[in-house]
Amino acid sequence: MMESRAQDRELLSRYLLGELEAEDVERVAERTFMDRDYFDLLEEVKEDLTEDYVHGTLTPIQRRHFDANYLVNDERRKDVQIAYLLAVYRKHRSTSPAPSQVTSGFWALILEAIRRQKPTFRFAVACTALLSIVLPALLVWMLTRADRVTTVAGLMTPEINAVRDRGAVQVLPVESGSDTVAIFLSVPSARGRFKVEVQQGPSAVWRQAGVSVASLNGDSVIVVFIPRITFEQGKEYVIAWQDMESKVPAESVRYRIHLK
Amino acid sequence: MGSVSEALKPKVETINQLVAWLKPDLPPAEGDDYVRGLTESLKIYFERSRVVASEDLVNETWAIVLRQINSGDLSQKDFASDDARRGYVFGVAKNLLREWVKKQGRRKEDPLQDGSDGPSVPPLEGAPVDCQKLLTELVDGVLDRLRSADRDIIQTAVLVDGPRRLEETATAMSISYDALRKRVSRAMARFKTAVVTSEPLSKQLQSALSCLGWVSE
C-alpha cells in the first residue's frame, strides 16, 4: 500500500513536471478525475513540489521542468511566492533572539509596592491573588479534562511568579496524555491584540499573533492553546507576550516543563 | 405557460448549482474548493497535453458541460456516482482536446527540450533585517484577517512546524494526517485569497519579495 502510494506520488510528480509521454498523461489525468483519493494526492504532490522548489531540493532537471512546465500561470507563481515567504519567515522565527524579559511599568510599580511591605502582607496579597485566579482556572481545567486533550497552565503572571518565586523558574506540569497546553495570561487592559511567543534559548518555537483579550472572572486575560509537542521534558521555555498596538515592552515568564 | 418557461429556464447557472449537480452531498461551503480543484485538474491536463490555449479549453469544457445539463440531455440519474460525473467532465475535456489537435494540427514545442536554467529562487537564509520586518508585518496582517481556526492551523502546521513535519503535527494533535493536510490546504487557500484580494497585502507581498531579491518577470 505504502509502496503503491510512493509510486503514485512519483508518477504524479512526473505528470506535473511534464515528464510523461502523451498516453501516460491521459491515463494519469483520467484517474485524477475518477478517483477522489488520487485527486487529493495530486494536490499534495503539487504542494510538495512547491515546497521542494523554494527549498532548492529539486534536482536541476526537475527545477527546469518546474519552471518550464508547471510555473506557467499567475496562480502557481503566487503559490510559489507565498510558500517562499513562509519558508523565509520560518527560518527567521527559528533564529531570532528572544526579547528581553521586562515587566511593564504599571505592573512593576505594583510589584515594587508589594515588595516594600512586610512579609505577612506580601503573603496575604499572594494568597488573595492566588484564590482569585486558581478557582476559575481550576474550573476551566475540569471542563477541558473531560476530553483529556488540554492541560491548563492557569492564570500565571510575572507578578504572581515574582511574589512566589522571585527569580525562580516555574515548573509547568503538563499531562503527557494531553495534546494541547492552554495558557492563561493576565493583561492590564481589556483591550488590545497580543503576540505570544514560546521561546527556547534564542529561538521562537511557537508563536501566535492577534490574540484578543477575554474576560475571566473580572480579569482581563489572553488565552493561547499551544500544541503539547512544542514542549520537551525538562527543557526551559520563556513565554513572552506583547500588545501589538500599544507597543509596551514585552512581558515574559520562564517555565521548566515537567511531563506527568 | 408557466411550465413552458420553467422548462426553458437553465437548470445550472451558478457554481453552487453546478456543484449540486456534480456532487449533491457536498456542503455548500466546500463548493468553490470542489470546482476550483476540478478546474485545476483540467488546466493541468491541457497543459500536459501541450495545448497552447489551455485556459480557453478549460472554459470551453465547462461551457459544454453546462450546455448539456441545461439542454436536458443529461441528468444526475444517468450517472451512478460523483466519480462517474467527474469522469463525464473528463470525457468532455478529452474529446475537446482531440478536436483541438485535429484542427490545429500541431502542439506546443516540447518544453523538455528547453535547456535554460530558468529563474532561481533567492536563498532562504540571511534575509536582511528590514526584509524580515516587512515579512513579519505581512504575515501578521494576513493572519489577522483569518478566522481563528485557520489562523491556529497555519500557526501550528505551517509557521512553526512547516509542511514537512505534518505527520508529527498530526500525531501531536491526535488527528489523522489526511485530515490535517486537508485543513492546512484549506487554511492556506484562504491565506492566499486574503493576500491576493487585499491591495495593501498584495503590495506588502511584492515589497517583501523585492526586498528579498525576488526577480519579477
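The values are calculated or read from the model by the stated rules, or taken from the named source; none is laboratory data. Since the structure is predicted, the reported quantities are computational estimates derived from the model, not experimental observations. Cβ coordinates were reconstructed from backbone atoms using ideal geometry, including for glycine residues, and neighbour counts include every protein chain displayed.
For region A:26-81, the candidate set comprises residues that are touching a Ser or Thr at 6+ places or on another chain (Cβ under 6 Å), of a type in the set (A, V, I, L, M) and facing another protein chain (nearest Cβ under 9 Å); within that set, the residue that is nearest to B:PHE191 (Cα to Cα) is A:VAL80.
Only one entry of B:ILE154, B:ILE175 meets the criterion of being part of a loop (DSSP other than H, G, I, E, B) and facing another protein chain (nearest Cβ under 10 Å), and that entry is B:ILE175. Of A:VAL205, A:VAL221, A:VAL187, all but one fail to be under 28 Å from B:ALA170 (Cβ atoms) and surrounded by 15 or more Cβ atoms within 10 Å (Cβ to Cβ); the exception is A:VAL205.
The residues of region B:119-135 that are at the interface with another protein chain (Cβ under 7 Å from one of its Cβ atoms), assigned to a helix (DSSP H, G or I) and surrounded by fewer than 21 Cβ atoms within 10 Å (Cβ to Cβ) amount to a single one, B:GLN132.
Is it the case that A:THR59 is of a type in the set (Ser, Thr, Tyr) and either in contact with a helix residue (DSSP H, G or I) (Cβ under 9 Å, 6 or more places away or on another chain) or closer than 14 Å to A:LEU11 by Cβ (or both)? In short, no. Of all the numbered requirements in (1) closer than 26 Å to A:GLN242 by Cβ; (2) of a type outside the set (S, T, N, Q); (3) at the interface with chain A (Cβ under 7 Å from one of its Cβ atoms), B:PRO163 misses one, and that requirement is (1). Taking each residue of region B:69-93 that is under 26 Å from A:VAL25 (Cβ atoms) and looking for partners that are assigned to a loop (DSSP other than H, G, I, E, B) with beta-carbon atoms closer than 6 Å, six or more apart or interchain, yields B:ASP82/B:LYS23; B:ARG85/B:PHE79. Return a yes/no flag: does region A:1-16 have any residue that is modelled with pLDDT of 90 or more and at the interface with chain B (Cβ under 9 Å from one of its Cβ atoms). Within region A:1-16, one or more residues are modelled with pLDDT of 90 or more and at the interface with chain B (Cβ under 9 Å from one of its Cβ atoms).
Residue by residue, here is whether (1) more than 9 Å from chain A (Cβ to nearest Cβ); (2) crowded, with 17+ Cβ neighbours inside 10 Å; (3) part of a helix (DSSP H, G or I); (4) not basic (Lys, Arg) holds:
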residue	(1), (2), (3), (4)
B:ARG50	no, yes, no, no
B:VAL58	yes, yes, yes, yes
B:ASP83	no, no, yes, yes
B:ARG86	no, yes, yes, no
B:VAL92	yes, yes, yes, yes
B:ASN95	yes, no, yes, yes
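In this structure, A:VAL223 does not satisfy being within 13 Å of chain B (Cβ to nearest Cβ) and at pLDDT 80 or above. Evaluating B:LYS192 against the criteria (1) within 7 Å of another protein chain (Cβ to nearest Cβ); (2) more than 17 Å from B:ARG151 (Cα to Cα); (3) assigned to a helix (DSSP H, G or I); (4) not β-branched (Val, Ile, Thr) leaves one unmet condition, (2). Scanning region A:166-188 for residues that are within 12 Å of A:LEU259 (Cβ to Cβ), modelled with pLDDT under 75 and touching a strand residue (DSSP E or B) at 6+ places or on another chain (Cβ under 7 Å) returns A:VAL171, A:LEU172, A:PRO173, A:VAL174, A:GLU175, A:SER176, A:SER178.
Please tell me if B:GLU13 is assigned to a helix (DSSP H, G or I) and either modelled with pLDDT of 80 or more or more than 10 Å from chain A (Cβ to nearest Cβ) (or both). Against the criterion (assigned to a helix (DSSP H, G or I) and either modelled with pLDDT of 80 or more or more than 10 Å from chain A (Cβ to nearest Cβ) (or both)), B:GLU13 does not qualify.
The set of residues in region A:31-72 that are more than 28 Å from the chain's Cα centre (by Cα), surrounded by 19 or more Cβ atoms within 10 Å (Cβ to Cβ) and not hydrophobic (A, V, I, L, M, F, W, C) comprises A:ARG31, A:THR32, A:ARG63, A:ARG64, A:HIS65, A:ASP67, A:ASN69, A:TYR70. The set of residues in region A:1-21 that are in contact (Cβ under 8 Å) with a residue 24 or more places away in the chain, among the acidic types (Asp, Glu) and in a helix (DSSP H, G or I) contains only A:ASP8. If we scan region A:22-32, do we find a residue that is on the phi > 0 side of the Ramachandran plot and free of Cβ contacts under 8 Å to residues at least 60 places away in the same chain? No, region A:22-32 contains no residue that is on the phi > 0 side of the Ramachandran plot and free of Cβ contacts under 8 Å to residues at least 60 places away in the same chain.
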